[in-house]
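The values are calculated or read from the model by the stated rules, or taken from the named source; none is laboratory data. As the structure is a computational prediction, the values presented were derived from the model and not from experiment. With ideal geometry, Cβ positions are generated from the backbone for all residues, glycine too; neighbour counts draw on all protein chains shown.
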Amino acid sequence: MKILNFFYENASKFEMSYERKVQISHANIILKGPKKSGKKTLIFNYLSQFKQEEILFLNFNDIRFEKESLKQLGFFLQNNIQIKILCLYGVDFSLDLKDIKIPIIISTNRKDLYIDGFKELQLDYFDFEEFISINKNLPINHLVGLFLQIGRSELSQKNELLKHNFNSLEIEILKYLAKNLGQQISISKLFLELKTRIKTSKDSVYHAIKELENTYTIYPITHDEKKLQKIYFRDFGLRNNLCIYKDFSHLFENVILNELFKFQEDFFYNKYFHFYSKKLKIAYISSPTLDIDLIKIRAKKILPKVIDIGIFHIIFITLSSEDSFFEQGVKFEVLPFDKFALSF
């Protein structure tokens, strides 16, 4: 009871902050998203409609919090009837909450967390449109450069946060993925390289990769026909915070993929397309510096494959070029990144 009472009496101030596209409109939800994506801010925005004494906010990430105190949660709420809403922040294990009678908001950075009776709400890192809304006083061409430079979250801006949020094996894996961004990844090859630097096992490496995917840190893309995969970051900016090697072309691929998360669809790749959706029948090709004439040559070369797999819309994403044309009923668009990112 002392733990619960401590958190109740020493609650954070719940103040409104910047708006996100995703908003909490009701309780009894699990808010899921990556570390440092703004889940707490979103929750605080929602809680700002309540009085301080009506809120019980339990931060599972606080080292002073003890899980054993949850056994007394029902009794504590019965004795504090002024509490109108319960927030459980940073949950990483399933809970039995069927005896709690007040509205509940749960937040987690785990994809696989399931609690019966709760709907899920997904929160990603900032996309480019949200980034613009926060920095609206700057010109658009400057904003594109700034966005590409700093990434989507604090994790890509503050190197020291990586050590606080990932263990040593995870950091070594992330460094390897950063150096090989956009390349087909072999987990066996990754393990052999890691083994030359740290003591680990293949099972540990496989488990760590699954954990990084489950906590919204990395995002695998599979080949449409072969058992191959590429692994990108949920925040493209992590790449530059993990290694010093310059590779803008593959970084730009990651930027594009991060914007495609808004579709909430499965994307695949092959040797023709960086990303394409079988369901949406649309494909994306990262071409940051390719000029229009070379793009048109490439479009004609890939046209037979486009028709063969039933893709009707191809978008080349560039830094500045723009055009559109049709070939045999297939629409080809060339869009600068800002127009592409703001088009959906």
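Every condition in (1) under 19 Å from ASN254 (Cα atoms); (2) among the charged types (D, E, K, R); (3) modelled with pLDDT under 95 is met by ASP308 except one, and the failing one is (1).
Just the residues that are surrounded by 12 or more Cβ atoms within 10 Å (Cβ to Cβ) and either outside any loop (DSSP other than H, G, I, E, B) or at positive phi (or both), please, taken from the stretch 147-160. Of everything in the stretch 147-160, those that are surrounded by 12 or more Cβ atoms within 10 Å (Cβ to Cβ) and either outside any loop (DSSP other than H, G, I, E, B) or at positive phi (or both) turn out to be PHE147, LEU148, ILE150, GLY151, GLU154, LEU155, SER156. Which residues, taken from the stretch 101-114, are surrounded by fewer than 21 Cβ atoms within 10 Å (Cβ to Cβ), part of a loop (DSSP other than H, G, I, E, B) and not basic (Lys, Arg)? Answer for the stretch 101-114, where residues must be surrounded by fewer than 21 Cβ atoms within 10 Å (Cβ to Cβ), part of a loop (DSSP other than H, G, I, E, B) and not basic (Lys, Arg): ILE102, PRO103, ASP112, LEU113, TYR114. Restricted to the stretch 198-282, the set of helices (runs of 4 or more DSSP H) holding at least 2 residues that are more than 28 Å from SER320 (Cα to Cα) comprises 202-214.
The residue that is nearest to MET1 (Cα to Cα), among those in the stretch 27-81 that are surrounded by fewer than 19 Cβ atoms within 10 Å (Cβ to Cβ) and of a type in the set (Gly, Ala, Ser), is SER69. Checked against the criteria, LEU319 counts as surrounded by fewer than 18 Cβ atoms within 10 Å (Cβ to Cβ) and either in contact (Cβ under 8 Å) with a residue 40 or more places away in the chain or of a type in the set (Asp, Glu) (or both).
Flag set for ILE311, criterion: over 21 Å from LEU342 (Cα atoms) and in a loop (DSSP other than H, G, I, E, B).
Would you say LEU181 is part of a loop (DSSP other than H, G, I, E, B), within 28 Å of PHE344 (Cα to Cα) and at pLDDT 95 or above?
yes
How about the stretch 178-211: which of its residues are touching a residue at least 60 places away in the same chain (Cβ under 8 Å) and either crowded, with 19+ Cβ neighbours inside 10 Å or of a type in the set (S, T, N, Q) (or both)?
Applying the first criterion (touching a residue at least 60 places away in the same chain (Cβ under 8 Å)) to the stretch 178-211 yields 178-179, 181-183.
Within the stretch 178-211, ALA178, LEU181, GLY182, GLN183 meet the criteria.
Does ILE104 count as among the aliphatic types (A, V, I, L, M) and closer than 28 Å to PHE131 by Cα? Even if it seems obvious, please write down each step before you answer.
Working: among the aliphatic types (A, V, I, L, M): yes; closer than 28 Å to PHE131 by Cα: no.
When the stated conditions are applied, ILE104 does not pass them.
Is it fair to say LYS175 is within 26 Å of ILE256 (Cβ to Cβ), in contact (Cβ under 8 Å) with a residue 24 or more places away in the chain, outside any loop (DSSP other than H, G, I, E, B) and of a type outside the set (S, T, N, Q)?
Working: within 26 Å of ILE256 (Cβ to Cβ): yes; in contact (Cβ under 8 Å) with a residue 24 or more places away in the chain: yes; outside any loop (DSSP other than H, G, I, E, B): yes; of a type outside the set (S, T, N, Q): yes.
So LYS175 fits the description; yes.
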